[in-house]
1. Count charges around residue 38 for me, please; just the other residues with Cβ under 10 Å from its Cβ, Lys/Arg as +1, Asp/Glu as -1.
2. On alpha-carbon atoms, Rg over Rh for the chain using Kirkwood Rh?
3. State the extension gain, in nm to one decimal, for the chain segment bounded by residue 44 and residue 116, taking 0.36 nm per residue of separation less the distance between their alpha-carbons.
4. Label residue 9 and residue 62 with points 7 Å out from Cα along Cα→Cβ: what is the distance between them in nm?
5. If you scale each eigenvalue of the Cα gyration tensor by 5 and take the root, what three semi-axes come out for the range 61-112, rounded to whole angstrom and sorted largest first?
6. Give the total of Lys-Lys pairs in the chain with Cα-Cα distances below 28 Å; include a pair only if its members are 8 or more places apart or on different chains.
7. Nearest 0.05, what FRET efficiency do residue 104 and residue 18 give at R0 = 30 Å with Cβ-Cβ as r?
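Throughout, read-outs are computed from the coordinates displayed, never taken from laboratory work. Predicted model only: the values in this text are computed from it and were never measured. Here the Cβ is made from the backbone with ideal geometry for all residues, glycine too, and neighbour counts use every protein chain on show.
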Amino acid sequence: MEKKQLRFSDGDISRLTQLLEGCEGVRVRCRREMSGIWLSSDGSDMELRLLLLMNFRLTVSRVLFAHRRQGTMTKVLGFLENFCKEHNIPEIVIQSVETKEMSNWCQKNHFQPNPSASIQIHDFIMGDYRKYIE
């Protein structure tokens with residue numbers, strides 16, 4: 001039997017949009033993609049791109065928030081973990097971590113660098129971080 005591509009529902013998008021608008025104080029629009037969604041503000045001050053690989057992995061491929069260090073990504077992670085549990089998705093990947101700040105956030109939230117997609121750069125590990133959902 002062929003598996004159907006998992007998609008974010010209208011309700012999922014609405015909840016995530018409300019969360020981001022509340023945290024960021026901007027109007028958020030959503031563009032559906034074949035395997036995910038791209039949420040952004042009108043002025044490109046805020047972006048969040050989420051991709052689904054069937055029910056194997058949820059990937060965060062773009063993160064940009066106007067208000068940093070305010071807990072927005074931690075709230076987004078809570079939403080994503082619940083989504084993964086609801087749909088039996090075992091892994092969340094934060095793709096292409098390029099800053100020490102985001103590397104620290106990943107480690108604080110129990111993400112581990114993917115050895116085949118990361119590299120040590122000075123005092124932090126750059127690349128993909130993953131977390132297995134229990």
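1. Details: positive: 29, 31, 32, 49, 62; negative: 33, 47.
Neighbour charge sum, excluding residue 38 itself: +3.
2. 0.96
3. Values: separation 72, 0.36 × 72 = 25.92 nm, distance 3.15 nm.
So the chain would gain 22.8 nm between residue 44 and residue 116.
4. 2.7
5. On the way: eigenvalues 76, 34, 19 Å².
After scaling each eigenvalue by five and taking roots: 20, 13, 10 Å.
6. So the count of such lysine pairs works out to 13.
7. Working: r = 27 Å, r/R0 = 0.92.
That gives a FRET efficiency of 0.65.
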